[in-house]
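The values are calculated or read from the model by the stated rules, or taken from the named source; none is laboratory data. Quantities reported herein were computed from a predicted structural model and do not represent experimental measurements. Glycine gets a Cβ as well: all are built from the backbone with ideal geometry, and neighbour counts include every protein chain shown. Ligands, DNA and RNA are excluded from the accessible area calculation, which covers all protein heavy atoms including side chains. Shrake-Rupley method; radii C 1.70, N 1.55, O 1.52, S 1.80 Å.
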Amino acid sequence: MDRGDVDLTIFEKHLAAEARTALERGGLLSALLGLVGGGAVLALTYSGAVSNVDSAAVFAFAAGFYSVVFYLLARAGRLKGSMLYVAFMPFVSLPTVFFVLSHFQMPAGAATFLTGPISYLYFHLIIMTGFVFDKRLSILAGIVCAIEYQAAYLLARNGLAGITAEDPTLLQDLTSGPLYSIKAIMMVFAGFVVAALSQTVRRVIEKAVREEQQKERISRLFGQYVSPEVKDRIVSEKAEVSGER
């Protein structure tokens, strides 16, 4: 897109303001997800509906508190430049940290939780990167999540091999290495999709800034020679207005 008629300083300020607002909301929603999720797991544990998932509840609370820190950094305007990558990359690796810890703590290792809801957090965190309108960050996040998920599968492979099921298709879905690789590839593609969406939003913001600047130029140019009514009409209909007395 041609930026010759756009003040890049103003554009970057608008973009930073939108990113800050989006990150604040995303941080709050992620915190809510972690804290509510942790509370739900504890409630299910105490009700007897599930068992031996205390570590998952602890992880959910930890992820929720990390999200609170993320929100506070966004609110303070600290999430910009290289700080974005410093804050985001550990964020997208949170599920991997949990799987690695599970590998050393649970009888079945990382396989205990690899097929559960926590693996879906990878996609949630990839989507979060779209809020900063930086396509490189989204693509990098997708690649990192894919590599780490594949590594988690390798840790869990022996534990998954011990799973039994009467339905061979179900057993294949739970234990097949190629299927886990396909899931990892989906994360890479998710990163590219989020990058494309973030660039679309970036262009929309740029277009809005361009139109606002054009209106200001027209207002300054014609405001000296015509009445306010005529000036407002020119500003609002600049693409269609034709000469008339």
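State whether the residues of region 80-102 include one that is touching a residue at least 60 places away in the same chain (Cβ under 8 Å) and open to solvent by less than 50 Å² (accessible area, probe 1.4 Å).
no
Whether any residue in region 5-17 is in contact (Cβ under 8 Å) with a residue 40 or more places away in the chain and basic (Lys, Arg) is what I want to check.
No, that holds for no residue.
Spot the failing condition for ALA57; the list is (1) within 27 Å of ALA195 (Cα to Cα); (2) open to solvent by less than 20 Å² (accessible area, probe 1.4 Å), and only one is missed.
Result: ALA57 fails condition (1) only.
Check LYS215 against each of (1) modelled with pLDDT of 75 or more; (2) under 26 Å from GLU18 (Cβ atoms) and name the one condition it does not meet.
(1)
Looking at region 104-118, which of the residues that are in a helix (DSSP H, G or I) and either aliphatic (A, V, I, L, M) or open to solvent by less than 10 Å² (accessible area, probe 1.4 Å) (or both) is nearest to LEU15 (Cα to Cα)?
ILE118
Out of the helices (runs of 4 or more DSSP H) lying entirely within region 122-230, which hold 2 or more residues that are within 12 Å of the chain's Cα centre (by Cα) and surrounded by fewer than 21 Cβ atoms within 10 Å (Cβ to Cβ)?
Filter on region 122-230 gives 135-161, 177-222.
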